[in-house]
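A short write-up of the structure that comes next.
The values are calculated or read from the model by the stated rules, or taken from the named source; none is laboratory data. Just so it is clear, the model here is predicted, and its values are computed rather than measured. Cβ placement follows ideal geometry from the backbone for every residue including glycine, while neighbour counts extend to all protein chains displayed. Accessible surface is based on the protein model in full, side chains and every heavy atom, while ligands, DNA and RNA are left aside. Shrake-Rupley method; radii C 1.70, N 1.55, O 1.52, S 1.80 Å.
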Amino acid sequence: MTVVAVLVTFNRLNLLKKAVSAVENQTRKPDHIVIVDNGSTDGTSEWLSGKKNVVLVQQDNIGSAGGQNSGIKAAIEHNADWIWCMDDDVEPNPSCLAELEQAAIKHPNSGFLNSLVIGDDGITMNVPIIDFSKNKNFYPGWGDKLADNLLKINCSTFVSLFVNRNAIEKVGLPIKDFFIWNDDYEFTLRISKYFENFLVSKSIVVHKRVISAPPGIIIENNPNRIANYFYLYRNKSYVRRKHIGFIAYLDFLTGVFSTSFSIITSGKFKFLKLKTILRGVISGFFFNPSIEKI
């Protein structure tokens, strides 16, 4: 099979160098490496221009969602059968891609496969959502492939996501209008409607994120980052309304009220945070982006 790696970067050259080195030093090397530079100003483009084995896509900063959209399109133009997606802060273990490929060979009709993601402390993060759909014996089938070190999942992130070209042809590309947050959840949920998908436990990556916990507006004290949470709440609203159902949407709204109460009773930038959440929730109710097909 032809495998194309896709890395999206923005102003994190030091992390990018380590990520690219880890990808280049795989025991099974990707056939091409596509790097999407979302308008970096830290010398990223100059460093990448000297990389002979890299397909460089340069564009304005349209977020990680727009980066993965462009990167996957470039991978398909290079005849990818499977696309290995990640950000610039991911360092795969040397056998990471080889394990993904072996799982893909055994299960060629899978929509996507996902590596096991750990932080610098060795503790799991970016944990995918288990698929609890029932097998032919009417039991949840999430453990049917545990003997092959596979766990059935239906939703994951762009942290070492291995996507079957056939799935992309079926459901379309990631929605670039998401900008950041939940674009990967929406994309993988779309795939899960038509394909089985698995976590490959022997394929391991280290996510070099400064804060290992999921993003949270309650503890966020950078006003520039607070504004970005508009996308989190808008996109979460859309995903639950569009893909999961009414009960999940009500649960999301319950969480919004709980978060808002916590903001009111503690912390800084209360008005900005509450305004950001409200804008995101209202926008998410009307948000109806188009899905780009290949």
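Annotations
- For segment 250-269, the set of residues classified as open to solvent by 80 Å² or more (accessible area, probe 1.4 Å), polar (S, T, N, Q) and modelled with pLDDT of 95 or more consists of THR254 only.
- Check on ASP121, acidic (Asp, Glu) and open to solvent by less than 10 Å² (accessible area, probe 1.4 Å): no
- Here ILE247 clears all of (1) open to solvent by less than 30 Å² (accessible area, probe 1.4 Å); (2) free of Cβ contacts under 8 Å to residues at least 60 places away in the same chain; (3) of a type in the set (A, V, I, L, M, F, W, C); (4) under 30 Å from GLY172 (Cβ atoms) except the condition numbered (1).
- Unique residue being more than 29 Å from LYS193 (Cβ to Cβ) and part of a helix (DSSP H, G or I) when the list is PHE261, PHE230, PHE252, PHE285: PHE261
- Search result, residues across segment 105-125 that are touching a helix residue (DSSP H, G or I) at 6+ places or on another chain (Cβ under 9 Å) and polar (S, T, N, Q): ASN109, SER110, ASN114, SER115
- Meets criteria (at pLDDT 95 or above and surrounded by fewer than 20 Cβ atoms within 10 Å (Cβ to Cβ)) for GLN68: no
- Sub-7 Å Cβ pairs linking a first residue in segment 208-220 that is of a type outside the set (Lys, Arg) to a second residue that is in a loop (DSSP other than H, G, I, E, B) and surrounded by 14 or more Cβ atoms within 10 Å (Cβ to Cβ), at least 6 apart or interchain, are SER212/GLY119; SER212/MET125; ILE218/GLY267, ordered by first then second residue.
- Residue in segment 97-113 that is under 14 Å from the mean Cα position of the chain (by Cα), within 20 Å of VAL171 (Cα to Cα) and among the aromatic types (Phe, Trp, Tyr) present: yes
- Criterion: part of a helix (DSSP H, G or I), open to solvent by 50 Å² or more (accessible area, probe 1.4 Å) and modelled with pLDDT of 95 or more - qualifying residue of TYR185, TYR194: TYR185
- Filter pass, GLU91 being touching a helix residue (DSSP H, G or I) at 6+ places or on another chain (Cβ under 6 Å) and not basic (Lys, Arg): yes
- Reported count of residues in segment 12-26, each being farther than 14 Å from VAL54 by Cα, without any contact (Cβ under 8 Å) to a residue 40 or more places away in the chain and out of contact with any helix residue (DSSP H, G or I) (no Cβ under 7 Å at 6 or more places or on another chain), is 1.
Residue-wise test of (1) of a type in the set (Lys, Arg); (2) open to solvent by less than 60 Å² (accessible area, probe 1.4 Å); (3) out of contact with any Leu (no Cβ under 9 Å at 6 or more places or on another chain); (4) under 18 Å from HIS207 (Cβ atoms).
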{"site": "LYS17", "(1), (2), (3), (4)": "yes, no, yes, yes"}
{"site": "ALA22", "(1), (2), (3), (4)": "no, yes, yes, yes"}
{"site": "THR27", "(1), (2), (3), (4)": "no, no, no, no"}
{"site": "VAL34", "(1), (2), (3), (4)": "no, yes, no, no"}
{"site": "ASP37", "(1), (2), (3), (4)": "no, yes, no, no"}
{"site": "SER40", "(1), (2), (3), (4)": "no, yes, no, no"}
{"site": "SER45", "(1), (2), (3), (4)": "no, yes, no, no"}
{"site": "LEU48", "(1), (2), (3), (4)": "no, yes, no, no"}
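- Index of the failed condition, GLY63 passing every other in (1) touching a residue at least 40 places away in the same chain (Cβ under 8 Å); (2) buried (at least 16 other Cβ atoms within 10 Å of the Cβ); (3) at negative phi: (3)
- Of all the residues in segment 125-167, those that are touching a residue at least 60 places away in the same chain (Cβ under 8 Å) and buried (at least 21 other Cβ atoms within 10 Å of the Cβ) number 9.
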